[in-house]
Amino acid sequence: MTSVPSWGPDFAALEAVDPDIARILLEERDRLNNGLQLIASENFTSPAVLAALGSTLSNKYAEGYPGRRYYGGCEVVDEAENLGIERAKALFGADHANLQPHSGASANIAVYGAFMKPGETVLAMSLPHGGHLTHGTKVSFSGKWFNAVHYGVSPKTEDIDYDQMRDLAHEHRPKMIICGGSAIPRLIDFAAFRAVADEVGAILMVDAAHFIGLVAGRAIPSPVPYADVVTFTTHKVLRGPRGGMLVCKAEHAAALDKAVFPMMQGGPLMHAVAAKAVALKEAATPAYQTYARQVVLNAQALAEGLAAEGMRPVSGGTDTHLALIDLQGVGVTGADAEARCDVARITLNKNSIPFDPQPPSVGSGIRVGTPAVTTQGMTEPDMKEIAGLIGRAVRDADGSAAADVRAAVGVMVGAHPAYPRP
Ligand SMILES: *Cc1c(COP(=O)(O)O)cnc(C)c1O
């Protein structure tokens, strides 16, 4: 980085105070630079976002909302939050935005808090079919405190079973219906969900954590016109700081604001709120729209390349930034594939596939995503090369190919560094 003001991110100060953590920061930067990052929920934030995160805004207590705080001295941070809110409303065409949720899970907790009482029914996508822990799984508050009913994908199409979803909605009359998840490669029919929600008088929440960046970049259709509330993370395709956000219809603004604070959270992380504002500004540019389209093209190229390696994309491919890959055809489990790729410096995750015969700790599949490699400037030919490297790594039971694959990965990332080298 070039000149940094003394009150801002100051690496020399960190090295002087805490050489251990300073070393770890450099090691992690090198890990990011030296490998292929294919975790579908990860990305590389810009230096501008990192600068806002490492700022004195971390010091400020600002419980409440701009102009209505419980602390003095908020006039400066109010400007940051107001800018972020206005940018979010403009970018997503939303009536209202709340930038304070500390994470995607926190945003979801707030939505339950705003609309549901303990014991009431929620209908959502099942986790093993691509949903999320906060959508009513037993280990989560959402499954412990609410009555969760789950739809899944159809065995034939491996896409959402809309008929099953509608039947379950009529049978259970849920207070809220959730769509979205962590391993859904296909576009979601938001109009179909809206229609069912209206038929049974349910709130429609879209959990857009994974794909909101593609919406921001105009690469896929927006859920905002259909949903009562859209929650999301800011650190996945959207490429902002680690955190959560929500946008909603005007009629729900007061209830959701109260549910975020004071019902579910204390003081907001104003450095993160400012960094979200920066990311929203970046996401409104033509360059980001080009990026978002390339993320999808790359995911499609990667899925095709993996299919050519004998690894089947669930549902036949992808419309988004991620592909779910069934490894049963090559006789390797998700857990083994993840470990073999790790050795070769290809970072991805094992994943359950729909109707998986393996337990979640093993899984029959992997999930791959292209947000990070696309930020690095890689394009379709690179994806074909990555698919070939994954194919070699996954089949490499005795580890004999690992050094070769690692060297090839090194050449690829050397041409496309994630962050400036020292
Ligand atoms: C990532 C994700 C979340 C949770 O985000 P955190 O910031 O990790 O709490 C919620 N819902 C979905 C669908 C996600 O993919």
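See the values below:
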{"read-out": "Pairs where the first residue, in the range 162-186, is within 16 Å of the ligand (Cβ to nearest atom) and the second is open to solvent by 50 Å² or more (accessible area, probe 1.4 Å) and not acidic (Asp, Glu), C-beta under 6 Å, 6+ apart", "value": "GLY181/HIS132; SER182/HIS132"}
{"read-out": "Of residues in the range 253-291 being of a type in the set (A, V, I, L, M) and without any contact (Cβ under 8 Å) to a residue 40 or more places away in the chain, the one farthest from TYR112 (Cα to Cα)", "value": "ALA287"}
{"read-out": "Residues that are more than 16 Å from the ligand (Cβ to nearest atom) and of a type outside the set (D, E, K, R), drawn from the range 217-247", "value": "GLY217, ALA219, PRO221, SER222, VAL224, PRO225, TYR226"}
{"read-out": "Complete set of residues in the range 67-116 that are surrounded by fewer than 22 Cβ atoms within 10 Å (Cβ to Cβ) and within 16 Å of the ligand (Cβ to nearest atom)", "value": "HIS102, SER103, ALA105, SER106, GLY113"}
{"read-out": "Any hit, the range 189-207, residues being under 20 Å from GLY136 (Cα atoms), touching a residue at least 40 places away in the same chain (Cβ under 8 Å) and aromatic (Phe, Trp, Tyr)", "value": "no"}
{"read-out": "Criterion (under 30 Å from VAL411 (Cα atoms) and touching a residue at least 60 places away in the same chain (Cβ under 8 Å)) met by exactly one of ALA22, ALA40, ALA80", "value": "ALA40"}
{"read-out": "Wholly enclosed helices (runs of 4 or more DSSP H) of the range 238-314 bearing at least 3 residues hydrophobic (A, V, I, L, M, F, W, C) and not assigned by TED's automatic domain parsing to the domain that holds PRO371", "value": "253-258, 270-283"}
{"read-out": "First in the range 87-113 and among the charged types (D, E, K, R), second anywhere and away from the ligand (no atom under 16 Å from the Cβ) and part of a loop (DSSP other than H, G, I, E, B), Cβ under 8 Å, 6 or more apart", "value": "ARG87/ALA284; LYS89/ASP95; ASP95/LYS249"}
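The values are calculated or read from the model by the stated rules, or taken from the named source; none is laboratory data. As the structure is a prediction and not an experimental result, all values here were calculated from the model. Backbone-built Cβ (ideal geometry, glycine too); neighbour counts: all protein chains shown. Only protein heavy atoms, including side chains, enter the accessible area calculation; ligands, DNA and RNA are left aside. Shrake-Rupley method; radii C 1.70, N 1.55, O 1.52, S 1.80 Å.
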